[in-house]
Amino acid sequence: MDKFCETGWRCLYYSGAFLYGAWCLWDKAWLWDIKHCWYNYPHHDIERSVWWYYMFELSFYWSLSFSQFFDVRRKDFIEMFIHHLTTIALLSFSWTCNLTRCGALVLIVHDFSDIFLELAKMFHYAKLNTPCDVIFGIFVVAWIFTRLGLFPTWILFSATIEAPQMVEMFPAYYIFNGLLSVLLVLHVIWTYFILKIAFHAVLAKKDEELRDSRSDSEDDTMSESDHDAVLDLNKEDVAVENAGKAGTNGLADANFLIPSTERSKDIVAQDLK
């Protein structure tokens, strides 16, 4: 229950953060043409909606960096801690250097796939396997598309290749790109773990289906064997019944409810009398 509640509020946050970010950036030119992140830099005004977007995200990652030490410890504790510190440093640097346009794009790209991860985990904790598998498959596609597709080819490419052609370089710019590179390395590591989990899940499902098919075959075989055994037993009962009638001038029908060995003894006793 603790894990379910923890995952539930994170799913709610990522959903709200992504929807607010989409609403906030929808009418911004730099969402549709990333080069607007560098035009006329650093003279960029920060709108109130973008200011709140940054404050919400920054406070969230600060809370995660502390709560991680008190929540259920996971295998990727070190990677997650590095991710939280990198994100906080990235938000702080981009805010200080007025790189909020590029920073906001990084945030909305990252929030999208996390929604499906937390939702799949909730279904897993609720033991709803089929919805969990479906949502996890959607998560894998969304993760690869955003973290290994949009992030490096759209954001990181623009920050490292296009920006130097339009912006005068300064020390904080290299720190900013260095933090983006650290995020990309973490994405690659986590993609390996995600694909490994997906691969094992597919193999486990195939093994389960194979076991089910074998179990059905064994059940059919046992059913046929049991049927043959019943037929043999009926034949034996009929033979004993006929023998009893011949030797005892008609033994009571109730005696044939007794097992065959006991019936044989009774028949012999009747003959002796």
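The values are calculated or read from the model by the stated rules, or taken from the named source; none is laboratory data. Predicted, not measured: the structure shown is a model, and the values here were computed from it. Cβ placement follows ideal geometry from the backbone for every residue including glycine, while neighbour counts extend to all protein chains displayed. Side chains are part of the model used for accessible areas, which takes the heavy atoms of the whole protein and leaves out ligands, DNA and RNA. Shrake-Rupley method; radii C 1.70, N 1.55, O 1.52, S 1.80 Å.
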Task: Exposure of Arg101 as accessible area (Å², to 10), given a probe of 1.4 Å and all protein chains - done: 50
TODO: Quick one: go through the range 99-128 and flag any residue whose amide nitrogen is under 17 Å from the point 7 Å out along the Cα-to-Cβ line of Cys5.
DONE: 122, 125-126
- [ ] Please tell me which of these pairs span more than 30 angstrom C-alpha to C-alpha: Lys35/Lys75; Lys28/Lys127; Lys75/Lys205; Lys3/Lys196; Lys28/Lys196?
- [x] Lys35/Lys75; Lys28/Lys127; Lys28/Lys196
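Just to verify a number: FRET efficiency for Lys127 and Lys205, C-beta to C-beta distance, R0 = 22 Å, to 0.05?
FRET efficiency, Lys127 to Lys205: 0.90.
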Open item on the list: Loop only by DSSP, 13 or fewer other Cβ within 10 Å of the Cβ. Give me the chymotrypsin sites (Phe, Trp or Tyr not before Pro) in the range 44-78 that pass, ordered by residue number.
Closed with: Phe69, Phe70
Task: Lys, Arg +1 and Asp, Glu -1 on Cβ, resulting dipole of the range 29-177 about Cα centre, debye, nearest 20 - done: 320
- [ ] Output the direction-averaged projected area (hull surface divided by four) of the convex hull of the alpha-carbon atoms of the range 1-123, in nm².
- [x] 7.8
Open item on the list: Test of understanding: extend the Cα→C-beta vector of Leu12 to 7 Å, then name every residue of the range 99-141 with backbone N under 15 Å from that spot.
Closed with: 119, 122
Task: Simple label model, 7 Å out from Cα along Cβ direction - Ala89 to Ile189, nm - done: 1.3
